[in-house]
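Asks: Before I ask anything, let me first share the structure, which is written out below as structure tokens.
The values are calculated or read from the model by the stated rules, or taken from the named source; none is laboratory data. Small disclaimer: the values here were computed from a predicted structure and weren't measured. Here the Cβ is made from the backbone with ideal geometry for all residues, glycine too, and neighbour counts use every protein chain on show. The area values use the complete protein model at the heavy-atom level, side chains included, leaving out ligands, DNA and RNA. Shrake-Rupley method; radii C 1.70, N 1.55, O 1.52, S 1.80 Å.
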Amino acid sequence: MLPIERQQQILTWLENEGTLRVSEISKRLEVSEMTVYRDIKPLIAQEKILKTSNGITLVTQTDLSSNRCSYCYKDARSRFSVQLIKKDQRIEQACCPHCALLRYKAIENDVSQMICHDFLKDTTISAKTAIFLLDADLHLNCCKPQVIVFESMKQAKQFQMGFGGRIYHFAEAIQVLMEDMQSETCCHKK
């Protein structure tokens, strides 16, 4: 059996059984444990499986690094990150409000709350009550079109006076971003 065939067999067993020990895989495949380790190494690198204290297990959506954006997979450990709290209490991270709004639109029936940070005060606020400034003339090294979050309309308008951009409430911001997905300016254009 070729390594790729053994890897596929391992994945199939994990789908059916959840967790397997390397020694058990070795017996089933009739190969050495060292061969099993060589076979699972690329699966671990591809984040298809996780090595645990009891052996190996399949990677599920909740096992993915909580430090990665659930929309674009960039690092989500910045002051711009947003949390999407799902109805089943699982939490997804987004690297920025741009990705959070797009991810929300994709899974809105599963989301109970979205928590983001006010750009000026860095306080946590509900995204549904926040004010969103799109396309401000300020380079923040995040996804385009850039989205900046404010707690109050007054602060958003004052910021807009200096840096431009367009101001929207939650639902409007999602709609505008969805329209921007069709344009060439969006960094996530499919």
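Asks: For the chain, what is the convex hull (Cα atoms) projected area averaged across all directions, in square nanometres? Display every interim value, and only then the final one.
Replies: Details: hull surface 52.6 nm².
Seen from a random direction, the Cα hull of the chain projects 13.2 nm² on average.
Asks: Which whole-number value in Å² is the accessible area per residue of the chain, probe 1.4 Å?
Replies: Numbers: 10800 Å² over 190 residues.
Roughly 57 Å² per residue, with all protein chains present.
Asks: Quantify, in whole percent, the carbon and sulfur part of the accessible surface of the chain (1.4 Å probe; protein heavy atoms only). Mind dumping the intermediate values first?
Replies: Values: 5250 of 10800 Å².
Within the chain, the accessible surface is 49 percent carbon and sulfur.
Asks: Helix 3-17 against the longest principal axis of the chain: what's the angle in degrees, Cα atoms only, rounded to the nearest 10?
Replies: On a 0 to 90 degree scale, this one is about 70.
Asks: Tell me which of Ser126, Leu2, Thr35 sits at the most positive position along the dipole axis of the chain, charges placed on C-beta atoms (Lys, Arg +1; Asp, Glu -1).
Replies: Ser126
Asks: Please tell me which of these pairs span more than 19 angstrom C-alpha to C-alpha: Lys121/Lys154; Lys128/Lys154; Lys74/Lys144; Lys87/Lys121?
Replies: Lys87/Lys121
Asks: Hey, another quick one. Rounded, prolate or oblate: pick one for the range 88-190, where a ≥ b ≥ c are the square roots of the eigenvalues of its C-alpha gyration tensor, a/c under 1.5 means rounded, and failing that, prolate if a/b is larger than b/c, else oblate.
Replies: Oblate.
Asks: Here is a further query. Can you tell me how the range 65-139 classifies by the Cα gyration tensor, rounded, prolate or oblate, using a/c under 1.5 as the rounded cut?
Replies: Prolate, since a/c reaches 1.5 and a/b exceeds b/c.
Asks: Using alpha carbons only, how many degrees (0 to 90, rounded to 10) separate the axis of helix 170-180 from the longest principal axis of the chain?
Replies: 70
Asks: May I ask you to rank His117, His139, His98 by accessible area, largest first, using a 1.4 Å probe over the protein chains only?
Replies: Result of the area sort, largest leading: His139, His117, His98.
Asks: If you don't mind, another one. In nm, give the distance between the simple-model label positions of Glu179 and Arg90, each being 7 Å from the Cα along the Cα-to-Cβ direction.
Replies: It works out to 3.3 nm between the two label points.
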